[in-house]
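A.B. asks: Quick one: the structure is below, and I'll ask about it shortly.
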Amino acid sequence: MMNRELIERADKIKFFLMDVDGVLTDGRLYYDDGGKETKVFHIHDGHGIRLMHEAGIKVGILSGRKSKAVEIRAKELSIEECHLGVADKIGRFNEILKKHHIDESEVAYIGDDLPDLPVLKKAGLSISVASGIDEVKDHVHWVTRRPGGLGAVREAIDFILSAKKGEKKKNQVGFFKK
Ligand SMILES: [Mg+2]
């Protein structure tokens, strides 16, 4: 059953921000023989991002690592804000809010590891993934049933969009806290 407070939080969301490694990917880093890093993305997540755009919700990426593959994927999906190699995620989070004139209560953030915690503690709707570390999962409003890289982002998006539509889906995936 969808928790009322969660639905209210999701209903306010105007901006969806994502960590990359362990969220949009399974967290494993793939290197080829030349030392070049590649990433694997899930098609369901990509379509979810398109659905967010159709619903008028902006999408952004906030990653601690630099990656050409992420840059390309972000461009492909018309992601409004793509921030890579960010050491201070909370600082950048505040800048994005300012730029888009939005309140932290209007932002959903999905992350899996300790560098995400400061942002997760501020975001109006904080989400982690099944494969996230326990300390992070203990501090968020909601945890997806799927692990990072395997449709967790899509699950989060479907949750937000269905909450906005006021749908109380049967067999809603994920488990609810608070
Ligand atoms: Mg991560």
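Please treat every number below as a calculation from the coordinates, not as lab data. Everything numeric in this text was worked out from a predicted model, so none of it was measured. Cβ atoms come from the backbone with ideal geometry, glycine included; neighbour counts cover every protein chain shown.
A.B. asks: Taking the Cα centre of the chain as the origin and placing charges on Cβ (Lys, Arg +1; Asp, Glu -1), which of 93, 151, 56 is farthest toward the positive end of the dipole?
C.D. replies: 56
A.B. asks: Also: Placing unit charges on C-beta atoms (Lys and Arg positive, Asp and Glu negative, everything else neutral), compute the dipole magnitude of the chain about its Cα centre in debye, rounded to 20.
C.D. replies: Working: 31 positive and 29 negative charges, 105 e Å.
In debye, rounded to 20, the chain gives about 500.
A.B. asks: Evaluate the relative contact order of the chain (contact order divided by residue number), counting alpha-carbon pairs under 8 angstrom at least 6 apart; express in whole percent. Write out the running numbers ahead of the final one.
C.D. replies: Working: 349 pairs, mean separation 52.7, N = 178.
Here the relative contact order equals 30 percent.
A.B. asks: Reachable aspartates and glutamates from residue 66, Cα under 13 Å, same-chain residues fewer than 8 places away excluded?
C.D. replies: Correct list for residue 66: 19, 21, 37.
A.B. asks: At 20 °C and 1.002 mPa s, grab the translational diffusion coefficient of region 4-167 from Stokes-Einstein with a Kirkwood Rh over Cα pairs, rounded to a whole number in µm² per second.
C.D. replies: Details: Rh = 15.5 Å.
The diffusion coefficient I find is 138 µm²/s.
A.B. asks: Given the peptides 29-42, 125-138, arrange them by the average over their residues of other C-beta atoms within 10 Å, most packed first.
C.D. replies: On the way: 29-42: 11.4, 125-138: 20.8.
Highest-to-lowest ranking by the protection proxy: 125-138, 29-42.
A.B. asks: Need one number: nm distance between label points at residue 138 and residue 114, each 7 Å from Cα along Cα→Cβ, rounded to one decimal.
C.D. replies: Here the modelled spin labels are 1.3 nm apart.
A.B. asks: Principal axis lengths of region 1-81 from Cα atoms, whole Å, largest first?
C.D. replies: Taking max minus min along each principal axis of the Cα atoms, region 1-81 gives 50, 25, 22 Å.
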